[in-house]
Amino acid sequence: MGLGKTLQVIVFLYAHYIVQGENNRNTLIVCPASLVYNWAQECQHFAPELPVCTVAGTAAERRELLDSLPDHPGQILITSYDLLKRDIAHYEGIDFRFQIIDEAQYIKNATTQSARSVKAVQVRSRFALTGTPIENRLGELWSIFDFLMPGFLFGNQYFRKEYEVPITKDRDEQVLKRLKGLIGPFILRRVKKD
């Protein structure tokens, strides 16, 4: 949507890998298939020093790349939601420093394979990017936060009973205010006019 999310992530990764020199752990960027090569091009354009590789191609090529990671720490891997689902077994044992999911609405349903796959990756810090307002459906908000910080918004059933239903059906302003207080510190929001 042109809000600069991709560029912000590239600058963040540049600062971490190049400026601070902390390049002993890999990063995983997961996005829709149509954006994998766009991410790689943007990284090349804005920060050609970053060690970027796409996890694409045949199953054998992807497996070979993932198997070689212990010998090449500090890579920034870019793959799609679909390929991550297919290759999730090959990600076992890889400890990522960062995981960034682009178009986070792809995991709006917590029970899908896409949501389960991104949550299965062993990682220290997670980021979710979306140009879609996360308030569209509170269940989507819960799923994204469950990826970012499992348990922070409680279990799905509890969240639905204590937050989603009172806010969406009863228009309870106090519950909405309480929810905004919980999630506010973790959301960086920009709008086009800014």
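Of the residues contained in segment 25-46, none is found to be touching a His at 6+ places or on another chain (Cβ under 6 Å) and either open to solvent by 30 Å² or more (accessible area, probe 1.4 Å) or over 30 Å from residue 137 (Cβ atoms) (or both). Each residue in segment 146-179 was checked for being over 21 Å from the mean Cα position of the chain (by Cα) and not polar (S, T, N, Q), and 20 of them qualify. Scanning segment 140-181 for residues that are of a type outside the set (Lys, Arg) and exposed (fewer than 14 other Cβ atoms within 10 Å of the Cβ) gives 149, 150, 151, 152, 155, 157, 158, 170, 173, 174, 181. Please verify whether residue 89 is open to solvent by 10 Å² or more (accessible area, probe 1.4 Å), closer than 24 Å to residue 115 by Cβ, free of Cβ contacts under 8 Å to residues at least 12 places away in the same chain and over 17 Å from the mean Cα position of the chain (by Cα), treating the condition exactly as stated. In short, yes. Candidates are the residues of segment 58-77 that are open to solvent by 50 Å² or more (accessible area, probe 1.4 Å) and in a loop (DSSP other than H, G, I, E, B); the one that is farthest from residue 100 (Cα to Cα) is 58. For residue 124, indicate whether it is closer than 30 Å to residue 71 by Cα and not in a loop (DSSP other than H, G, I, E, B). The answer is yes for residue 124. Do the conditions hold for residue 143, that is, is it touching a residue at least 24 places away in the same chain (Cβ under 8 Å), within 25 Å of residue 58 (Cβ to Cβ), assigned to a helix (DSSP H, G or I) and within 14 Å of the chain's Cα centre (by Cα)? Considered against the rule, which asks whether it is touching a residue at least 24 places away in the same chain (Cβ under 8 Å), within 25 Å of residue 58 (Cβ to Cβ), assigned to a helix (DSSP H, G or I) and within 14 Å of the chain's Cα centre (by Cα), residue 143 comes out as no.
The values are calculated or read from the model by the stated rules, or taken from the named source; none is laboratory data. The structure displayed is predicted, hence computed values, not measured ones. Glycine gets a Cβ as well: all are built from the backbone with ideal geometry, and neighbour counts include every protein chain shown. All accessible areas refer to the heavy atoms of the entire protein, side chains included, with ligands and DNA or RNA removed. Shrake-Rupley method; radii C 1.70, N 1.55, O 1.52, S 1.80 Å.
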